[in-house]
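Since the structure comes first, as structure tokens, the remarks are kept for the end.
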Amino acid sequence: MESFLFYAFAALVVISALAMILSRNLVHSALYMAAAFLGMAFVYLLLRADYIAVVQILVYVGAISILFVFGIMLTKRDRMDGSNGFNRYGIIAGLVGLALFALLARAVTVAGASRAAPPADVPQAPAGGSAVAISNLFLGQLALPLEASALLLLAALAGAVVIGKGREKSKC
Amino acid sequence: MLGLNHYLVLAALLFCIGFIGAVAKRNAIAVLMGVELMLNGVNLNLVAFDRFGNHAEPLGQAFAVFIVAVAAAEVAVALAMILTLYRKRGNTNVDDLEGLKW
Amino acid sequence: MVNAAIALVLAPLAAFILIAFMTRRTEALSAMVGIVAAAASLVLSIGLLVGVLADPAGAHESIKWLSIPAIGHFRGLEISMGVLVDPLSATMCVIVSLVAFLVMIYSLGYMKGDPGFSRYYAYLSLFAFSMLGLVVADNYFQTFSFWELVGLCSYLLIGFWFEKKSAADASRKAFITNRWADFGFMVGVLLLFQLFGSFDFTELSTVIPLAKGGAMLPLIAALIFIGPLGKSAQFPFHVWLPDAMEGPTPVSALIHAATMVAAGVYLIARGFILFASVPAVMEGMAYIGGFTALFAASIALVQKDIKRILAYSTLSQLGYMFMALGVGSMSAGMFHLTTHAFFKALLFLGAGSVIHATGEQDIFKMGGLGKKMRITAWAFTIGALALSGIFPLAGFWSKDEILLASLRSGHVGLYVLGLGVAFMTAFYMFRLIFTAFGGASTEGLRAHESGPAMAIPLLVLAALSVVAGLIGSPWFERAFGFSFGSFIFFGEGEKSRLDLTTAAISSLVAVGGIGLAWIMYGKKLIKAERVAAAFGPAYRLLDHKFYIDEIYGWIFARVMLAGGRAFDWIDHKVIDGLFDGLGAATRATGRKLRLTQSGRLQGYALVIFGAVAIAALALSTDLLGGLLK
Amino acid sequence: MDFSAIRLELVAALIALSLLAVGLIAPRGKREMTGYIAAIAFLGLLALAFLAPGHGSSFLGGRFLNDPLALFFKRVFITAAFLVALMSLRFTAGLEESRSEFFALLAFSLVGMMVLSSANDFLSLYIGLELMTIPLVVLTAYDRASGKSTEAGTKYVLLSAISSAVLLFGLSLLFGASGSLAYGDVAAALAKPAFGPASGDPLAVIGGVMALAGFAFKIAAVPFHMWSPDIYEGAPTPVAAFLAVGSKTAGFAALARLLFFVLPSNGGGLSLVVISLSVLSMVVGNLIALPQTNMKRLLAYSSIAHAGYMLLGLVAASRAGLSALLYYIVLYLFANVGIFAAISSFGDGGRSGEIASLRGLWKRSPFMAASLLVCLLSLAGIPPAAGFLGKFYLLAEVARQGKLWLAALALLMSLVSISYYISVIRVIIMEKAEDESRIRVPIAQKAILALSALATVGLGVFPGPLTAWTQAIAAAVLR
């Protein structure tokens, strides 16, 4: 059952991802991307990572995808067909990507052969899902990176505002 | 039987598809989408290792949460940049960006 | 003694700083500061020399400058800064500061009114500082530092009149060629350090003899030898020196004749133990020196520019010095360096005086200058006689030492070659004198004697060119109980000898060269009728003889001049081409590589991924059980 | 909990936040004040870093180290930030708005660098890296009047996103191979032979390569260098300076820790990668620098080449190697800051940075020309400027370890590099300017130039104190 679900979700993710890069319409690409993100959320559920799955849906599907769509709308007001073509690197990029994948897949299978089997279906986290364990980490040993990432978000916010602010006379 | 390898191969596939998207698409927004796909591959790696690694604490998942947060920040800045670019040049094609070269 | 040495090095540095930052706007003051500092150095170095004469052991003091402790089986890195005072460095200090001092005085007249007057004195002071620092350095590292600084000063001074494109090009060429040579030097020093764990000359002189037979030693000696090849402009690194004549003429006198180019010779003498223990390098040194001497002398035969003639002559004389060192006589090499410094500086300053007066550098456009510029002409002639090795002027003694050394060490071929060079030297110098100073005045050429600022240094140097050789003479030794050879030597002190046969042969050869020059270029001077009237039959006889001589001379000149032209061609097309070609090739590679930077960010990303894939594949192939399985 | 270990980071973050706040509350006419405030604040932070850097050496159970190595790097970063803030005063004066944000972003980036140099686990490493990079991206695109600046910003943000994806994939593989994020545990796990098939875990190897690639991008080592010339040219000059000295040094801080303490160095494989990076950087950087006509681009290529030299210190992987690397970082900081300050004091704020604009500088501003000359000589490695000794120090160590060919190659390439530095020098002192008017050098730039030139000569003539310090650090850190 689990295998079947995995293959179904994996197929959803991979097909959406492929469609995303192959589509020649930017809006379609964005929708395929959202679909791929959604599929990933299901895969996370299979991995018993419920917290991540929720984050994935909230942030990726909910926020980032919308941000993308806004971006598209603000930069493309005319027709969308052919708005998302390939550049001159299409073929080489495909080959390098394939080679990289082959290498990684081979490495995974070789390494995995020697790895211990996955633990039985024992939930990692106590009641309440993985959220409790993760938040304990956040407030415990990961407190410093957490604070730093708060600064990071602030900096990014200030930066985005600075960049996006008004239009100055361009002498481009 | 479903094992770690399945997830890792899926992650590698996502990473590589994302890479192709980031390198081979003409539109800056599509490049950014490719990068997001790559980051999803990373997250899947982390979560899968966490699940199969017998750890006391879900460090991988915590890392994934950080990556999601940072990715959101990155997207915000990058999109703001792309908007400025659009205002200046009227399009968002990255392979037209060759005022700086050699 | 050490304090005096430090002070004499620092005085010009202080002058440089003063001129650069304070007196730049008041030109007279700048010159004053430079000259006072040089005078101070001169006085101190004479004091040093007197001190060393009293106590030849000299003094050596050094402080740890950079010290990195030893770790495990690795030796630590110890670099010290020190001062080594011994006969060699004391003598060299006197030469450098004396010539620098005279050149600075001379420049008061020569550079008068130049917009870069203060800058000029600043550079000269900086040069004096670096050169003196190089001389008193007690280890290879410190030597190398000052060596580079000297190269930099040379760059600045050659390109002093940068408005001229040729000057800017020449300065660049000098710098780059020297850097190629310094590359060998630096690698050699690194290796030396790896082998012996020290840079210190004194320390090395005790450990190197023990390491005889080591396979690395020849390589090290050969690599370090490349440095002097560049700085002393020996074949094939000589290409920069003739071009360096683009700088102001006093600079040529100071740097490209008397001091900087001597740094290579000095370095070999300083680390003589290293070279002396590798016979193959010594042989190479002797033959490279000999070849350069011949090669440059024959090119000098056909040059028309007065400064270029002197430049090639410098190359040739430096070749002599290398030859002397190569056949194992450090004394002879250093002795020739000393005397050459005086008479070559004299010749350059004389040439400068001519150029200053006439604004002309082509000797065939001059003529009859002897009447208009008496002091210059006399001084120049004395210099030329000294250079040609006419008894009893300075060049005679030192050149003889070299010829004798090569004969005694069994290098008969080099001895004969040296004689040939002596002949050519005398010939081209007097070709110059007869053409430029003799003959009828060229129309429209205005000339006047230079002012006292320029004349006095000429006279001082002329006097030195006459007497400086005597310190290497047996008479001097008999009178004072010591001579150059027993003061500066490697191994055992050498007694001054005057081998009458070799002296006679070389004198004859030199006189022969002058004679040939007279026949070819000076004969026009003689009004045939007057001579005929005065001497009657004698004249006919002479004339007849000259007729034979003329045919002979014509054939000889044909061969010689043709050879000279051929060498000239090789020099410009092949050797120059080699260096230019290397530069051009790197540049072309750079231009090609630059195109990889297409400006397209996705191309960059592709390169990143490609590199990652390749590196990952290369490192994990074994782990993955081969490529295809 | 003892917060003294992160005292410097806390103060720096406070500075960043205050600068943001000042920008909001200061009256409109007074906003140029923020630049001075920032500079003074950085100076104060620098004093703090030297006088009271905090006594705790680690925080959160060793996930954050404040060891001598980290402290050294932090002092370098703060110095760089201070000098860049001074240098920026002229640039920001020309902006119509967002002046205070400029300095706030500089401070944010500084915090990121400091976190990066102290990070002792992958998570802090990553966050530090992004906290450093994202503000830098914004700063790169700050010059909104210039199309080049926007182009550079776009390139930088996309490429750094791609490179951090690669880095993260590598880190995730290392996490998988070791089961931990903390450096100590990762190193211990990777050293265990039981891992994977006989000789090692391919995932760890690939992960290691990818992680190295991420930092090779930051230090702009070939072939991960291609962003840097474009970005340096397009970015406002002070920002380019910060990229050249801050971001690159931070990359080295992280790389040094990774290579010395985390990735198994005895494996040989990764050190081969480091050697290749070093060789390629020296060769490609120096060769492409030859035909450049833009000063900022030239500096970018020269700094690529310098990354190659500095990598030699990591290749040597010994105390002396680390000590030489640290020494080199300091001299590189001063030489580069000096040159960038000179460029930025031109009329247009150094926007174009063409080498030709330096023509006849000797006449137009002797002081600037002299300082620039000293800095260029240092980069070219000519004594008595510090660059000579720094190079010698690095090469002596590499040669001593028997990699003579590498030392010889580095020497050969530094020989090639002389040729382009000397062309610049030639333009400065040997060419005539069309416009012979004197250049008015702003006082801040004057101060930076004087400091850089003095430090460059001082380090070259009296290296003792600094080398003693770097040796002490190396001895304390490497056992």
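You will find that of C:Leu404, C:Leu369, C:Leu393, C:Leu417, the residue that is within 16 Å of C:Leu464 (Cβ to Cβ) and more than 20 Å from the chain's Cα centre (by Cα) is C:Leu393 and no other.
Residues satisfying the criterion are absent from region D:323-342 (criterion: assigned to a loop (DSSP other than H, G, I, E, B) and out of contact with any His (no Cβ under 9 Å at 6 or more places or on another chain)).
Annotation note: Cβ proximity below 6 Å between a residue of region A:1-21 that is in contact (Cβ under 8 Å) with a residue 24 or more places away in the chain and a residue that is assigned to a loop (DSSP other than H, G, I, E, B) and open to solvent by 10 Å² or more (accessible area, probe 1.4 Å) (sequence gap 6+ or interchain) occurs for A:Glu2/B:Leu2; A:Phe6/B:Leu2. You will find that of D:Leu83, D:Leu71, D:Leu106, the residue that is open to solvent by less than 30 Å² (accessible area, probe 1.4 Å), over 23 Å from D:Leu466 (Cα atoms) and among the aliphatic types (A, V, I, L, M) is D:Leu106 and no other. Note on region A:1-85: enclosed helices (runs of 4 or more DSSP H) holding 3 or more residues that are open to solvent by 40 Å² or more (accessible area, probe 1.4 Å) and within 30 Å of B:Arg89 (Cα to Cα) are A:26-46, A:65-75. Here the condition is being over 26 Å from the mean Cα position of the chain (by Cα), assigned to a helix (DSSP H, G or I) and farther than 20 Å from D:Leu255 by Cβ; of D:Leu203, D:Leu173, it holds for D:Leu203 alone. The set of residues from region D:99-142 being over 18 Å from D:Thr237 (Cβ atoms), of a type in the set (Gly, Ala, Ser) and facing chain A (nearest Cβ under 7 Å) comprises D:Ala104, D:Ser124, D:Gly128. Quick check, is B:Ala30 within 14 Å of chain C (Cβ to nearest Cβ) and crowded, with 24+ Cβ neighbours inside 10 Å? Yes.
If you go through region C:593-612 and keep only what is at pLDDT 85 or above and more than 7 Å from chain B (Cβ to nearest Cβ), you end up with C:Gly603, C:Tyr604, C:Val607, C:Ile608, C:Gly610, C:Ala611, C:Val612.
Regarding C:Thr177, is this residue open to solvent by 50 Å² or more (accessible area, probe 1.4 Å), part of a helix (DSSP H, G or I) and of a type in the set (Val, Ile, Thr)? The answer is no for C:Thr177. For region B:54-98, a residue qualifies if it is within 14 Å of chain C (Cβ to nearest Cβ), open to solvent by 20 Å² or more (accessible area, probe 1.4 Å) and part of a helix (DSSP H, G or I), and exactly one does: B:Asp96. Residues that are open to solvent by 10 Å² or more (accessible area, probe 1.4 Å) and either charged (D, E, K, R) or more than 7 Å from every other protein chain (Cβ to nearest Cβ) (or both) within region D:202-217 comprise just one, D:Ala204.
You will find that of D:Leu270, D:Leu287, D:Leu280, the residue that is out of contact with any helix residue (DSSP H, G or I) (no Cβ under 7 Å at 6 or more places or on another chain), open to solvent by 10 Å² or more (accessible area, probe 1.4 Å) and within 13 Å of chain C (Cβ to nearest Cβ) is D:Leu280 and no other. Cβ-Cβ distances below 8 Å connect the following pairs, each with a first residue in region B:29-44 that is without any contact (Cβ under 8 Å) to a residue 12 or more places away in the chain, a second residue that is in a helix (DSSP H, G or I) and crowded, with 24+ Cβ neighbours inside 10 Å, and a separation of six or more residues or different chains: B:Ala30/A:Ile21; B:Ala30/A:Leu26; B:Ala30/A:Ser29; B:Ala30/B:Gly21.
The values are calculated or read from the model by the stated rules, or taken from the named source; none is laboratory data. All values reported here derive from a predicted model rather than from experimental measurement. FYI the Cβ positions are ideal-geometry reconstructions off the backbone, even for glycines, and counts take in every protein chain you see. To get the accessible areas, we keep the full protein, side chains included, count just its heavy atoms, and leave off ligands, DNA and RNA. Shrake-Rupley method; radii C 1.70, N 1.55, O 1.52, S 1.80 Å.
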